[in-house]
Amino acid sequence: MRVLFLSAEIDPLVKIGGLGDVAGSLPAALRQLAPARLGGEAMDVRVAVPFYPLLRQKLPNLPLIARVEIPRAGKMLEAQIYQIDLNSVPVYLIAGQPVDSSNAVYTGDNSVDGDKFYFYSLAALELVRKLDWRPHILHANDWHTAPAAWALNRRRKTDAFFKDTRIILGVHNLPFMGAGCEGSLEDYGLPPSYSRRLPSWGRRVPLPLGLLAADQIVAVSPSYADEILTPEQGYGLESLLLARRADVSGILNGIDTKYWDPSQDQAIAARFSVDDLSPRAKNRRALLDEFQLNPDPAIPLLTLVSRMDVQKGVDLALEGLRLAKKSIWQVILLGSGNPDLEKDCLELQKKLPERVRVVTRFDAQLSRRMYAGGDLLLMPSRYEPCGLSQMIAMRYGCVPLARATGGLVDTVFDRPDAAESTGFLFKEPSGRAMAKALEQAVRIFGDAETWKVIQANGMRRDYSWENSALRYAHLYFMSSGIPINGEEQEERP
Ligand code: ADP
């Protein structure tokens, strides 16, 4: 099973958000699946990413493996392709003038980014032809690589090389569609869509075009797959997605369970596991001392580790904390991003100096100390395609208190019986609803035995990529009509 995986980011080379985590982990997890689990088939997954100038500086001596030419606005542009292997996954790095045009991965100006991502997406298709490596699957992700899906869907109708390549499009964050680079479509010789399934504003925009072209659309959690079919979260594409409902599914992201392992983590004061939670108290105490907070073990220590963004509901968290002032708690807020939200956090710290601490930077080491020492992680997201922080927190025994949306619903279980719970969920996106859930959590925190059960439930769950990789593999086989386990796959619609 040959899979060409396209992503604008790949951890650890270049990571801005969750997309980088997925591209860094999923291809390796797919290649590691034992052929015995796939009816004897092996997975040959290869990744292509842009060779951003910042990456070229870091990796100056990679072998050049190919050159291809891409037509743009009547001229031919050359792409140079280099290769590096990451965890035994071949990664093709695509360089060329449009990729060199800016230093940032995302400039915020889609007319600049569009030129870069169209060029790279089309060069990735030319590359596999040059290598005579015929993919069964093109797995594109988000708007940056959707042009490859749109181009391939046309090409495979007449081009024998791509005739049998099936297209999967991963949706990590639907509202980011690539609007603003409509000119690139024409520059690279691609037609707009005339399909009435697409709203007129979407007929030259990469993500809508990709969604139209893909054989299968995969959201990063089952709940998010349902939510993008609704007017609230479909951002004008819900009709298209509803019409394609049979081809829309959700597969949860995993986390790197070696990287996030409280029994091995050298960044924390004491290592621990679900078999013996007692060393965890040392981490808690160290964190409270670091922030000069009250060391009383009866006061729950709340944490927030998040981009400062309206999507993440940081404003809801602040309002919830204000409203739950009468409950006992202390909180450490870690995050950077929206300056207004950062300012609001600092204001709460000023108002409640004895119980609020704020750190407005990206600090991976501190985040580890917080996961390992905090009692609760606040994650009141307005929407959350999958979310990783809640899974990391649970693995470290820090109980999530989250809004019931997207991947949070699929990973945080709030049941009437604590024996089945891993955290706390609230529905309404309001400070009041968060405050109510927080008051309830604080009450349960007072019952140490019950609290331990909830912690242990979260720690015992399997967050590894293996399960998800197996699901993706099945989808690839199903989509390309290749039987595995000796069974014929379902007919493609
Ligand atoms: P998103 O990708 O939408 O930002 P996720 O929950 O999927 O949200 O992933 C967030 C990741 O970024 C987690 O690994 C979290 O620990 C980390 N993170 C977010 N903000 C910070 C910060 N200020 N310092 C350190 N790590 C952070």
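The values are calculated or read from the model by the stated rules, or taken from the named source; none is laboratory data. Remember, predicted model here, so these are calculated numbers, not experimental data. Using ideal geometry, Cβ is built from the backbone for each residue, glycine included, and neighbour counts are taken over all protein chains shown.
Points to keep in mind about this one:
- Residue under evaluation residue 123, criteria (1) assigned to a loop (DSSP other than H, G, I, E, B); (2) surrounded by 24 or more Cβ atoms within 10 Å (Cβ to Cβ), criterion not met: (1)
- Of residues in the range 126-169 being closer than 20 Å to residue 79 by Cα and among the charged types (D, E, K, R), the one surrounded by the fewest Cβ atoms within 10 Å (Cβ to Cβ): 132
- Test: residue 454 is closer than 25 Å to residue 277 by Cβ and surrounded by fewer than 20 Cβ atoms within 10 Å (Cβ to Cβ): no
- Qualifying residues in the range 400-422 (those that are in contact with a Phe, Trp or Tyr (Cβ under 7 Å, 6 or more places away or on another chain) and either more than 17 Å from residue 316 (Cα to Cα) or part of a helix (DSSP H, G or I) (or both)) - the one nearest to the ligand (Cβ to nearest atom): 407
- Filtering the range 279-301 to residues that are of a type in the set (A, V, I, L, M, F, W, C) and either within 16 Å of the ligand (Cβ to nearest atom) or on the phi > 0 side of the Ramachandran plot (or both) leaves 287, 291.
- Hits in the range 471-489 - residues which are at pLDDT below 95 and farther than 21 Å from residue 163 by Cβ: 484, 485, 486, 487
- Test: residue in the range 71-78 that is surrounded by 17 or more Cβ atoms within 10 Å (Cβ to Cβ) and either within 16 Å of the ligand (Cβ to nearest atom) or not basic (Lys, Arg) (or both): yes
Every residue, every condition in (1) more than 24 Å from residue 151 (Cα to Cα); (2) hydroxyl-bearing (Ser, Thr, Tyr), yes or no:
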| residue | (1), (2) |
| --- | --- |
| 227 | yes, no |
| 241 | no, no |
| 246 | no, no |
| 251 | yes, no |
| 259 | yes, yes |
| 263 | yes, yes |
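- Within the range 338-361, the set of residues being near the ligand (Cβ under 8 Å from one of its atoms) and in a strand (DSSP E or B) comprises 359 only.
- Residue within the range 188-203 that is of a type in the set (A, V, I, L, M) and outside any loop (DSSP other than H, G, I, E, B) present: no
- Leading residue by the ranking (modelled with the lowest pLDDT) among those in the range 423-470 that are closer than 20 Å to residue 375 by Cα and outside any helix (DSSP H, G or I): 463
- Residue 357 meets the stated requirement of being within 30 Å of residue 276 (Cβ to Cβ), of a type in the set (Lys, Arg) and over 21 Å from the mean Cα position of the chain (by Cα).
- Test: residue in the range 302-313 that is more than 15 Å from the ligand (Cβ to nearest atom) and either modelled with pLDDT under 95 or over 18 Å from residue 383 (Cβ atoms) (or both): yes
- Across the range 208-230, not a single residue is classified as under 24 Å from residue 408 (Cβ atoms), surrounded by fewer than 16 Cβ atoms within 10 Å (Cβ to Cβ) and at pLDDT below 95.
- Test: residue in the range 249-261 that is within 16 Å of the ligand (Cβ to nearest atom) and of a type in the set (Phe, Trp, Tyr): yes
- Within the range 362-377, the set of residues being within 9 Å of the ligand (Cβ to nearest atom), at pLDDT 95 or above and among the charged types (D, E, K, R) comprises just one member, 368.
- Applying the condition of being among the polar types (S, T, N, Q) and over 18 Å from the mean Cα position of the chain (by Cα) to the range 217-248 and asking which residue is nearest to the ligand (Cβ to nearest atom) yields 230.
- Taking the range 100-116 as the range and being buried (at least 19 other Cβ atoms within 10 Å of the Cβ) and not in a loop (DSSP other than H, G, I, E, B) as the test, the residues that pass are 110, 113, 114, 115, 116.
- Residue count for the range 1-47, restricted to those that are of a type in the set (Lys, Arg) and at pLDDT 95 or above: 3
- Residue within the range 378-396 that is outside any helix (DSSP H, G or I), within 10 Å of the ligand (Cβ to nearest atom) and polar (S, T, N, Q) present: yes
- Within the range 271-291, the set of residues being part of a loop (DSSP other than H, G, I, E, B) and either among the acidic types (Asp, Glu) or without any contact (Cβ under 8 Å) to a residue 24 or more places away in the chain (or both) comprises 271, 275, 278, 279.
- Count - residues of the range 416-451 that are surrounded by 15 or more Cβ atoms within 10 Å (Cβ to Cβ) and either within 30 Å of residue 40 (Cβ to Cβ) or charged (D, E, K, R) (or both): 2
- Residue check for residue 321: away from the ligand (no atom under 16 Å from the Cβ), farther than 17 Å from residue 455 by Cα and within 28 Å of the chain's Cα centre (by Cα): yes
- The range 12-31: number of residues that are part of a helix (DSSP H, G or I) and within 13 Å of the ligand (Cβ to nearest atom): 8
- Residue selection: residue 333 satisfies the criterion of being buried (at least 17 other Cβ atoms within 10 Å of the Cβ) and within 29 Å of residue 175 (Cα to Cα).
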